[in-house]
Each structure stands twice: as structure tokens, then as C-alpha cells.
Amino acid sequence: MTISNSYGNRNDEKSVTRDRTLVIDRSRRVIYLTKKKLLPEDVIAFNFAKVLEKNEIRYVIVAGYTAILFGRARRSDDIDFIIKEIDESRFVELCKRLQEEGFTMMQGDITDEESVRGVYREYLTKGYSIRFIYRDTILPNIEVKIARTSIHRYALAHSIKTVINNEFVIRISPLELQIAYKLYMGSEKDIGDAVFLYTLFKNHIDHKEIEEWCKRLRVNCKALKEIDKL
């Protein structure tokens, strides 16, 4: 199935909130967000993303943190990053930079190059995720996976740049995919995330694209259609 991805095809800029704390620039595929208070999840995500950006490693943030970023009142144990496949040498260099910024690794010793190489070979190359801890904060932590599925690759290719307080930059999964995938996950928490994002962005997203993703994932969009009736 071909997903239309028409998010960035409009040339207008629309504010989602009257006070303009949340603004979408559709032509550039950028969201501008103003937050009065940063959560622990925000601080950890922003610092991890900063290292990836500096090292020119393509990534996208997926799963529950997206809803938390935009104001859903819940907490998360992890922040999920999908990264484009990198070779062992780049992974070693990445870990050096992460260590300098206060990150450690759950599966190995980030200060030991051989340990880092072992994690790369035994986890990332075999499709397993790895976790990073920021300044001894165990929860929430960063979970990293290599993009291996078509959905991962789509999210990477069509990520949305999000600028927070004109200072921090992260890249999130396309909202249409994120909403549909949360419905696919199916737990009460996941459905709540989908409903929250849909309610917030329903006037600024491509509804046909959501339907296409729901068909591809074989999930029912009924919960979203009920919102449209309100």
C-alpha cells in the first residue's frame, strides 16, 4: 500500500492553540511547541537527540513519549528512538559523545570500547534494542533500535521536526502513523495516546492517511470517528 503523506503538501501555517503555544508549519514539516515546564522525559529526550543531531545520525522518536511531549498527563518508563543503521565504528563514536553528555549504557560499559563493540554486535546487529541512562536516572531511559521494518523506515523518511521553546530540536514520527500505530498496539494507555493526539491535531492532519495506515495495520478507527461526532 502507498501512503499518501500529504502532511507537508499544504503551504499554509496554522496555529493549533489560540495562544500559539503549538504551531504547525506544514510547508516545512515543522512543529513549534512552547512548554512552560520541561518534564524529565523532555530533558532526557532533548539531550539524547542533541547528540544524534550533532553526529548526523538520522533518527525518529516513536511511541508514547510523543503524546507526553504535547501535554498528555502521564509518565513513561522509556523514550523510544529509531535510528538509521550505522556501522560499528560510528556506534563507538556515538557512544563516546553520549558519555561526554552524561549517558551510560545498560547492556555494557560505555567507557570501554570493547564492551561497546560487543553491545553493537550482540544487540543492534541482531535486531535487539539497547538502553541508555541519563545522569544515573534509571527511569525514564532511552531505548534505541535500528530501523529494520518498512514502518520504521517510513517514520525515519517522513519525520517531523519539532522545535521546543525555540531551543531544543527533536524529530517525531508522522502523526498519522503514530495515531494509527497506537490504535494497533491496543492497550488502554495506547488508545488514550491515540485519542489525545487525534483530538489535539484533528484539524491539521491528513485523515485519509490515518485511514490508510489503519487498513494497513488492520485496526479499527472507530474510536477516532466517535471524536469527530463531538
Residue match in the stretch 202-209 (condition: under 14 Å from A63 (Cβ atoms) and within 20 Å of the chain's Cα centre (by Cα)): no
Filter pass, G118 being in the same structural domain as E85 (by TED's automatic domain parsing), over 14 Å from V60 (Cβ atoms) and in a helix (DSSP H, G or I): yes
Within the stretch 42-64, tally of residues that are farther than 17 Å from T104 by Cβ and assigned to a helix (DSSP H, G or I): 5
Number of the condition not met by Q107 [criteria: (1) outside any loop (DSSP other than H, G, I, E, B); (2) within 21 Å of G127 (Cβ to Cβ)]: (1)
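Just to be sure I understand, how many residues within the stretch 71-84 are at pLDDT 95 or above and farther than 16 Å from Y134 by Cβ?
Within the stretch 71-84, residues that are at pLDDT 95 or above and farther than 16 Å from Y134 by Cβ number 3.
Of the residues that sit in the stretch 121-136 and are basic (K, R) and surrounded by fewer than 13 Cβ atoms within 10 Å (Cβ to Cβ), which one is farthest from A63 (Cα to Cα)?
R121
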Verdict on F91 being out of contact with any Asp or Glu (no Cβ under 7 Å at 6 or more places or on another chain) and closer than 18 Å to F46 by Cβ: no
Only listed residue being at pLDDT below 90 and either of a type in the set (K, R) or surrounded by 14 or more Cβ atoms within 10 Å (Cβ to Cβ) (or both), chosen from N11, N5: N5
In the stretch 218-230, residue nearest to V16 (Cα to Cα) [restricted to those that are surrounded by 15 or more Cβ atoms within 10 Å (Cβ to Cβ) and in contact with a Phe, Trp or Tyr (Cβ under 7 Å, 6 or more places away or on another chain)]: L224
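The values are calculated or read from the model by the stated rules, or taken from the named source; none is laboratory data. The model shown is predicted, which means the values in this text are computed figures rather than measured ones. Cβ coordinates were reconstructed from backbone atoms using ideal geometry, including for glycine residues, and neighbour counts include every protein chain displayed.
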